[in-house]
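S.K.: Dropping the structure in here first, questions after.
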Amino acid sequence: MRAMLLGFALGVWWLQQQARLPDGVIWFTCCAVFAVAVTLGAMKPRVRIASLAIVACALGFAYAALRAEVALREQLPVEYEQRDIELTGFVRGLPERQADGMRFLFEVEANGARLHDFPRIVRLSWMSPEPMKLRPGERWKLTARLKRAHANANFGLRDAEATLLERGIRATGSVSTARAPRRLSVDATSPRLMIDRLRARARDRIETVLGDAPHRGIIVALAVGAQDAVSDADWSLMRATGTSHLVAISGLHIGFVAGLAALIAGFVWKRVRWRGVPAPLIAAAPKVAAIGATVFAAFYAALAGFNVPAQRTLCMLLIFAAAFLCGRRPASSLVLLWALAFVLIVDPWAVTSPGFWLSFGAVAAILHAVAAAGRVESQARTEDDDDIDQWDRIDPSEVGQRPERPRKRRPFAFIARFWRRARRRVKSGARVQYAVTIALAPLTVYWFSQIPLLGPLANAFAIPWISVLVTPATLAGLLLPAPLDAPMLHAAHAALSVLIDVLARLADAVPAPLWFLPRPNAFALAASGVGVVWALAPRGWPLRFAAPLTWLPLLAPASHPAPEGAFRVTALDIGQGSALVVETARHALLFDAGPGPESTHAGERITVPYLQAAGVHTLDALVISHSDSDHAGGAPAVLQSIAVRQMLASLPAKDALWSNARARRAETLRCVSGQRWTWDGVEFRVLWPEPGPLAGKPNHQSCVLKVTSAAGRAALFTADIEADVERMLIAREPAALRADVLIVPHHGSRTSSTEPFLDSIGPVAAIFQVGYRNRFHHPHPTVFARYGLRGIALSRSDDDGAARIDIGSAIVLERYRDTHARYWMNH
């Protein structure tokens, strides 16, 4: 059975790695494999287990493919993108409050375009200068401007389009002001919406009671799973201490609440009488406790929104409870695998989320460590019990005689018993914490490119503190009526404040609480996985001390920089904006940082995580071409997270970035033509702006940088220069413009990329950094055609995602959506 369950999960995972959905040939192959495996399993008992695993794998692959076919049918036609479409439907989930409005899920019941396969669920932003409230289940008729489900696609970062598909979101957009939205009188009703309304009321109660309390967002997250109100300061602290998992309603919280509910249900049931008959005589108290634990766990999982960890925990509790009520005791590993199968049946795309791997990985590590240490623990417990309770045992030679209580008892025996039991519990807890830390380290590096060094220590007291004090008080505040809820919620916040203060002191005591590592490749991840199993093996396992050697590819990865005299350019997909990473053999430069908090937070969401995933922890130079927010907005996030040795910028003297960079001990220098330097045989030369006071609009002041390899191949970074600057550069030194790779000026607007300028450069490849269906309509069709007519190899971030160009003696262009294609892309 275990082989079949694992095979099913493998089949589901394998489907999610495909660049396209199965066609007729693949379906025929899948059916043939299924038939052969069934036949071999029936004819040869020796290979039955392997045959059943293959059969289950084929079933998992086919099931996930069928689910994907159904999900991708709902599609917004390209010709209807960014058109006003009247929608009728209702609000789903918990709307997220933002500084300038609301973001929410909208389930469409009817569309004005009368399209048949219109997306059923869309994510909308409703911009409003005034505070507004949306309630789950409210029916609205509104006009929306939609785009197909699309997200940024970058090397080393999580695929956000897979997240949209997992949530069933097949289009995104905003509420249009073309027609005033109108709320309909009849609200939608369904069990799911009833749960969402309950969650919304719970969130409102907490916000009303706690007001502007600093950590109110964490209390809301622990109560209903909504994390949009958690402050940036709290997120930063918890990431630094490895406790961010405590903000979500995880399996740990649900398991603890279920255990508490079991104790309460059992305690109450033992004291209930029905017509004079004690309740335990009607139904055994342990069975009632199991039912109570399961019911309350289901309630709490519903409050969490049934995320993957909640689904996993609830499935395991249901299986354990059903087996217990039937007088069975299934193996924990089998229960975990059944939960794995159930979660993937409900959500085949769960395998693309870090929560899935971290949740199941943690439980698997705990079970493996407990099983490995079980025999030793059992032996130690038996020896302790024999040593403590030997005075209370009856001599076997006195069988048949009336036992007499020994006259002499060991003094203070209960203290010894308590001490030894406490010691065993501490050792068991330490073993579990060790197992989870070791097991999740490779997954944490893969998904987040970091290891929180304070994680084991911080979690040692944060987990019990949250589980024993904060979460029960929060739930008590939700269950009690007003005004009794206020004291419990304030008590929960007070306990949380103490924990936050302790974590802050702990983080301040360590200069670098996070160990950033590049995202591991498949070999490093597999080797570290083997090392985890090896390290957690039972005592006596051969060469267990050598397990850390398998982690060397993960913890000390071999760098793959550009060769001496060559360089690599990575044009990030950050939407409408610019961010380019230049790497030589031993140096790194970032040209622009993308939009900041005023727009899409791309500097914080994409630029910084990419640098960390690529192993760039220090920038030798940060070049900010000019002051436009889509180029400079992400610079503060880069300065805060990445060490910068020098900032070269074309900014006004009063710009806050100058003082920000100096405060972080970065050398600052204005970008002017004539500057040049060499790194690892690669020449960097600034071509614009001219020395002297900055004049004209920011685009006119843009820094133009040329990077040339030892072989004479070059790349030209032109920022947002327009036709007037292009003419001046041609007139001054046209030969200096010659380059093989061009980062298209001003995102391909019609005010730049003039024909004389392109003829002077003569590029063989050009990169357009543009946002998907951006409001400026970049690149302009005429300009884009101008490049195409010259036979230039083109890459645009809205279609191809990030682009990576290796420039040495040859030019090698890699487009992310080509080399990392998945079937849900471009659908």
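The values are calculated or read from the model by the stated rules, or taken from the named source; none is laboratory data. If you're wondering where the values come from, they're calculated on a predicted model, not measured in any experiment. Cβ placement follows ideal geometry from the backbone for every residue including glycine, while neighbour counts extend to all protein chains displayed.
S.K.: Of the conditions (1) farther than 23 Å from G577 by Cβ; (2) more than 37 Å from the chain's Cα centre (by Cα), S753 satisfies every one except a single condition; which number is it?
M.R.: Tallying (1) farther than 23 Å from G577 by Cβ; (2) more than 37 Å from the chain's Cα centre (by Cα), S753 fails exactly one: (1).
S.K.: Here is a further query. Report whether or not V581 is without any contact (Cβ under 8 Å) to a residue 60 or more places away in the chain and touching a strand residue (DSSP E or B) at 6+ places or on another chain (Cβ under 7 Å).
M.R.: It is true that V581 is without any contact (Cβ under 8 Å) to a residue 60 or more places away in the chain and touching a strand residue (DSSP E or B) at 6+ places or on another chain (Cβ under 7 Å).
S.K.: Looking at G771, G801, can you tell me which residue is under 21 Å from Q576 (Cβ atoms) and either in contact with a Phe, Trp or Tyr (Cβ under 8 Å, 6 or more places away or on another chain) or surrounded by fewer than 16 Cβ atoms within 10 Å (Cβ to Cβ) (or both)?
M.R.: Checking each option against the conditions leaves just G801.
S.K.: Quick one: which of V638, V623 is surrounded by 23 or more Cβ atoms within 10 Å (Cβ to Cβ), under 30 Å from N521 (Cβ atoms) and touching a residue at least 60 places away in the same chain (Cβ under 8 Å)?
M.R.: V623
S.K.: Return a yes/no flag: does the range 258-266 have any residue that is in contact with a helix residue (DSSP H, G or I) (Cβ under 9 Å, 6 or more places away or on another chain), hydrophobic (A, V, I, L, M, F, W, C), assigned by TED's automatic domain parsing to the domain that holds L480 and in contact (Cβ under 8 Å) with a residue 40 or more places away in the chain.
M.R.: The answer is no, given that none of the residues of the range 258-266 is in contact with a helix residue (DSSP H, G or I) (Cβ under 9 Å, 6 or more places away or on another chain), hydrophobic (A, V, I, L, M, F, W, C), assigned by TED's automatic domain parsing to the domain that holds L480 and in contact (Cβ under 8 Å) with a residue 40 or more places away in the chain.
S.K.: To continue, here is another question. Six or more apart or on different chains, Cβ under 6 Å: which pairs go from a residue in the range 176-190 that's surrounded by 12 or more Cβ atoms within 10 Å (Cβ to Cβ) to one that's part of a loop (DSSP other than H, G, I, E, B) and not charged (D, E, K, R)? Could you list them?
M.R.: Hits for this filter: D187/G137; A188/G137.
S.K.: Name the residue, out of L76, L105, L124, L66, that is out of contact with any helix residue (DSSP H, G or I) (no Cβ under 8 Å at 6 or more places or on another chain), modelled with pLDDT of 90 or more, in a helix (DSSP H, G or I) and of a type in the set (A, V, I, L, M, F, W, C).
M.R.: When all the criteria are applied, what remains is L66.
S.K.: Out of A226, A240, I need the residue that is under 21 Å from L479 (Cα atoms), touching a strand residue (DSSP E or B) at 6+ places or on another chain (Cβ under 7 Å), buried (at least 20 other Cβ atoms within 10 Å of the Cβ) and of a type in the set (G, A, S). Which one?
M.R.: A226
S.K.: Looking at the range 227-269, which of the residues that are of a type in the set (D, E) and modelled with pLDDT under 90 is farthest from the chain's Cα centre (by Cα)?
M.R.: Applying the filter and picking the extreme gives D232.
S.K.: If we scan the range 255-271, do we find a residue that is touching a Ser or Thr at 6+ places or on another chain (Cβ under 6 Å), in a helix (DSSP H, G or I) and closer than 25 Å to G429 by Cα?
M.R.: Checked the range 255-271: at least one residue is touching a Ser or Thr at 6+ places or on another chain (Cβ under 6 Å), in a helix (DSSP H, G or I) and closer than 25 Å to G429 by Cα.
S.K.: Check L193, L164, L157 and return the single one that is under 18 Å from Q16 (Cβ atoms), hydrophobic (A, V, I, L, M, F, W, C) and in a helix (DSSP H, G or I).
M.R.: The match here is L164.
S.K.: Looking at the range 759-774, which of its residues are within 22 Å of S702 (Cα to Cα) and either of a type in the set (F, W, Y) or out of contact with any helix residue (DSSP H, G or I) (no Cβ under 7 Å at 6 or more places or on another chain) (or both)?
M.R.: D759, G762, P763, A765, I767, F768, N774
S.K.: Would you mind telling me which numbered condition in (1) closer than 26 Å to R750 by Cα; (2) assigned to a loop (DSSP other than H, G, I, E, B) P693 fails?
M.R.: (1)
S.K.: Okay, moving on. Pick from the range 469-494 the residues that are free of Cβ contacts under 8 Å to residues at least 40 places away in the same chain and assigned to a helix (DSSP H, G or I): which of them is surrounded by the fewest Cβ atoms within 10 Å (Cβ to Cβ)?
M.R.: L479
S.K.: Give, as residue ranges, the strands (runs of 3 or more DSSP E) completely inside the range 513-598 that count at least 1 residues that are surrounded by fewer than 18 Cβ atoms within 10 Å (Cβ to Cβ).
M.R.: Hits in the range 513-598: 514-516.
S.K.: Show me the strands (runs of 3 or more DSSP E) found entirely inside the range 726-804 where at least 1 residues are aromatic (F, W, Y).
M.R.: Counting at least 1 such residues, we get 765-768.
S.K.: Among the listed residues A710, A766, which satisfies the condition of being of a type in the set (G, A, S) and touching a Leu at 6+ places or on another chain (Cβ under 6 Å)?
M.R.: Testing whether each residue is of a type in the set (G, A, S) and touching a Leu at 6+ places or on another chain (Cβ under 6 Å) leaves just A766.
S.K.: Could you pull out the residue among R83, R92, R114 that is of a type outside the set (V, I, T), in contact with a Pro (Cβ under 7 Å, 6 or more places away or on another chain) and at pLDDT below 95?
M.R.: R92
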